[in-house]
Each structure stands twice: as C-alpha cells, then as structure tokens.
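First comes the structure, then the notes that go with it.
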C-alpha cells in the first residue's frame with residue numbers, strides 16, 4: 001500500500017507539472033496572438049479610436065463651397081458618417097491658406113496653383129485629395145467689339161486673386177494670343193462680388209469672373225453678357241490632346257493624412273456624394289447656397305449651379321489632369337506654382 005501510494009503521488013506531481021506547463025505556453029500563445037492582432041491593426045492605421053476626431057474643413061465662397069453644401073448640411077444635422085468642426089467659408093484665398101498653414105484646418109479647398117505653392121512653402125507637407133472644380137472662368141462685359149482674346153488688348157480687366165488661378169490663366173491666355181501682360185491693365189479686387197458690383201455700375205467695364213458670380217452679374221444688369229469662355233480659350237491653345245483647365249482642388253495636411261488615413265478616405269467618399277447631390281438636386285442645393293450667403297436668390301443659384309463645373313476627380317485621373325495643368329503654368333511662369341513642380345507624393349492616389 002505504501003509503495004502504491006508513493007507511486008500515485010509521483011504520477012500526480014507529474015500531472016500537475018504538465019498542466020502548469022500547458023497553461024504557461026497556452027497563455028504565451030494567446031498573448032502572441034493578441035500582439036499579432038494589435039500589430040496588424042496598427043499597420044493598417046486603425047489602432048486609435050477616431051470616433052471623437054472632428055475634421056476642420058475650409059473652402060472659398062464660390063464653386064468649391066457649392067460642391068460642399070450638401071455635406072455641410074448633413075454634418076450640421078449629425079447625419080455625416082464622420083464628425084466635422086464648423087466649416088470655414090472664406091471670401092479670399094489668402095484667408096483660407098493662412099488658416100491652413102497655421103494648422104487651424106485639416107482640409108481646404110483652394111485654387112489649383114495655390115496647392116502647389118503651399119506644397120513648396122511647407123517643404124512638401126501638403127497632399128491633394130481631389131480636383132473639385134474645372135473651368136468656371138468667363139469674361140463678362142456690356143461693351144461691344146470683344147469676341148476674341150486679341151480684342152482685350154488695351155483694355156482694363158477687373159479680376160480677383162492676384163497670384164491665383166484666374167490671374168495666371170488670364171496671363172497665360174493673353175501671351176498665347178500674342179498680347180503682352182503690360183498691354184492690358186489688370187485691376188485686382190479682393191472678392192468676386194466686388195468685380196460683379198463694378199460691372200453692374202459700369203457695363204462698359206470688362207471683368208473676369210467665376211461662376212456663380214457670372215450669372216449673378218448678368219442677372220443684375222441685362223446689358224452684361226459673357227463674351228469669352230476661358231475654358232474654350234484654354235482648349236484652343238492646348239489643342240485636342242491638351243490637358244484640362246483645373247480651377248480648384250482639395251488639399252490636406254500631410255500629418256493629418258498619415259495619422260488618420262481612414263478619415264481621409266471617408267471624407268473623399270462624402271465629398272464625392274456631396275458633389276453628386278449638387279448635380280442631381282439643383283433646387284435643394286440652391287436653397288443651401290442661399291443660406292450660406294454665396295448667392296442671394298435661389299432662382300439665380302439654380303441657374304448658375306450647372307455652369308459651375310463641380311466635380312470630384314480622384315486617383316490617377318486627378319494626378320494626370322492636375323500635373324498637366326501645373327506643367328503648363330510652370331513652363332510659362334515657375335513662380336505661379338511656387339518655383340518648382342511638386343513631387344509624386346503631392347498627389348494622394350491611394
């Protein structure tokens with residue numbers, strides 16, 4: 001009996017050792033499995049909980065904001081899939097870019113060449129998410145005798161945004177049509193509404209305006225009309241194989257893109273949905289535009305919206321269109337894009 005009891009004790013001891021060993025290795029395996037999951041999750045950029053992050057977005061008072069009004073409305077009602085801070089709608093590009101550079105905005109909708117300038121000024125800390133607006137520029141006047149670019153020689157032209165898309169597009173087209181910049185007088189105003197007001201008071205004046213302000217000006221004064229479409233003039237110079245005239249793009253801070261890639265992807269989806277809403281729901285969009293103060297009357301807004309060329313072009317197509325446009329500007333005036341063309345990382349094509 002003693003011998004059998006001693007044997008049983010030895011067997012029991014061995015069993016306990018094996019059981020403890022199994023538990024140790026089992027726990028270690030579970031820990032490694034969990035660590036693996038965490039590593040995998042971290043590699044996809046989704047480790048942190050971003051549910052409380054509010055995206056700060058800014059746009060210009062014009063076509064870029066019109067393409068966002070549906071998203072602004074959904075965000076205000078709490079129906080957007082991600083959270084947004086109050087949207088900034090700036091009257092001038094300088095105000096918008098200052099807020100972006102200071103880090104007060106995560107995403108901004110800016111003139112195409114301004115995006116390149118910011119990229120160079122910030123040592124490459126800017127990413128372009130999409131093209132939000134194509135050609136929207138028109139020459140408006142009540143004067144007779146202007147039917148081509150060459151007819152602008154000797155004229156005074158009112159426009160907004162010195163050093164931005166309207167300015168460089170106009171200078172490029174003048175030179176391509178054999179007119180030196182010093183053969184016209186360029187009068188810069190801070191806002192498109194100022195140019196529209198001048199045209200209303202002086203119908204013989206010549207103004208370069210974007211939509212929807214073209215429609216507003218022509219509605220306020222029946223003597224005014226569109227005499228030149230800058231998109232058509234651009235295509236004449238570029239030829240059939242030439243690139244598109246790009247007006248506005250959407251940019252984000254590099255730090256934000258790298259820290260919150262999933263939020264960036266979701267914003268692009270919501271931005272695209274907003275632009276599609278603008279196209280398919282002109283009545284509701286017009287009401288939003290009036291509420292935002294871009295246009296005073298809904299019927300005028302409804303008339304202008306289809307002419308605003310609002311888009312959401314992403315990926316490789318965005319890169320091809322934008323890089324081609326910037327190359328044209330660079331070849332004519334390197335300072336128009338910040339002194340040099342952006343590198344590949346400028347274009348967010350993931």
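Within the stretch 153-174, does at least one residue satisfy the condition of being without any contact (Cβ under 8 Å) to a residue 60 or more places away in the chain, within 29 Å of the chain's Cα centre (by Cα), more than 27 Å from residue 97 (Cα to Cα) and not in a loop (DSSP other than H, G, I, E, B)?
yes
When you look at residue 227, is it more than 23 Å from residue 116 (Cβ to Cβ) and either surrounded by fewer than 23 Cβ atoms within 10 Å (Cβ to Cβ) or at pLDDT below 90 (or both), yes or no?
yes
Would you please name the residue that is farthest from the chain's Cα centre (by Cα), looking only at residues in the stretch 248-274 that are closer than 16 Å to residue 309 by Cβ and buried (at least 21 other Cβ atoms within 10 Å of the Cβ)?
Out of the qualifying residues, it is 274.
For residues that are buried (at least 17 other Cβ atoms within 10 Å of the Cβ) and either modelled with pLDDT of 95 or more or in contact with a strand residue (DSSP E or B) (Cβ under 9 Å, 6 or more places away or on another chain) (or both), scanning just the stretch 75-90, find the one that is farthest from residue 289 (Cα to Cα).
82
Which residues, counting only those in the stretch 175-186, are in contact with a strand residue (DSSP E or B) (Cβ under 9 Å, 6 or more places away or on another chain) and buried (at least 16 other Cβ atoms within 10 Å of the Cβ)?
184, 186 - these are the residues of the stretch 175-186 that are in contact with a strand residue (DSSP E or B) (Cβ under 9 Å, 6 or more places away or on another chain) and buried (at least 16 other Cβ atoms within 10 Å of the Cβ).
For the stretch 289-316, name all the residues that are surrounded by 22 or more Cβ atoms within 10 Å (Cβ to Cβ) and assigned to a helix (DSSP H, G or I).
289, 301, 304, 305 - these are the residues of the stretch 289-316 that are surrounded by 22 or more Cβ atoms within 10 Å (Cβ to Cβ) and assigned to a helix (DSSP H, G or I).
Specify which of the listed residues (209, 199) is within 21 Å of residue 302 (Cβ to Cβ), crowded, with 23+ Cβ neighbours inside 10 Å and touching a helix residue (DSSP H, G or I) at 6+ places or on another chain (Cβ under 8 Å).
Within the list 209, 199, the selection yields 209.
Taking the stretch 105-145 as the search range and keeping residues that are part of a loop (DSSP other than H, G, I, E, B) and at pLDDT below 95, which one is nearest to residue 191 (Cα to Cα)?
Within the stretch 105-145, the match that is nearest to residue 191 (Cα to Cα) is 136.
Using the structure shown, decide if residue 319 is part of a helix (DSSP H, G or I), touching a residue at least 12 places away in the same chain (Cβ under 8 Å), out of contact with any helix residue (DSSP H, G or I) (no Cβ under 9 Å at 6 or more places or on another chain) and surrounded by fewer than 20 Cβ atoms within 10 Å (Cβ to Cβ).
It is false that residue 319 is part of a helix (DSSP H, G or I), touching a residue at least 12 places away in the same chain (Cβ under 8 Å), out of contact with any helix residue (DSSP H, G or I) (no Cβ under 9 Å at 6 or more places or on another chain) and surrounded by fewer than 20 Cβ atoms within 10 Å (Cβ to Cβ).
So which of 159, 134, 152, 129 ends up being surrounded by 16 or more Cβ atoms within 10 Å (Cβ to Cβ) and over 21 Å from residue 60 (Cα atoms)?
152
The values are calculated or read from the model by the stated rules, or taken from the named source; none is laboratory data. All values reported here derive from a predicted model rather than from experimental measurement. With ideal geometry, Cβ positions are generated from the backbone for all residues, glycine too; neighbour counts draw on all protein chains shown.
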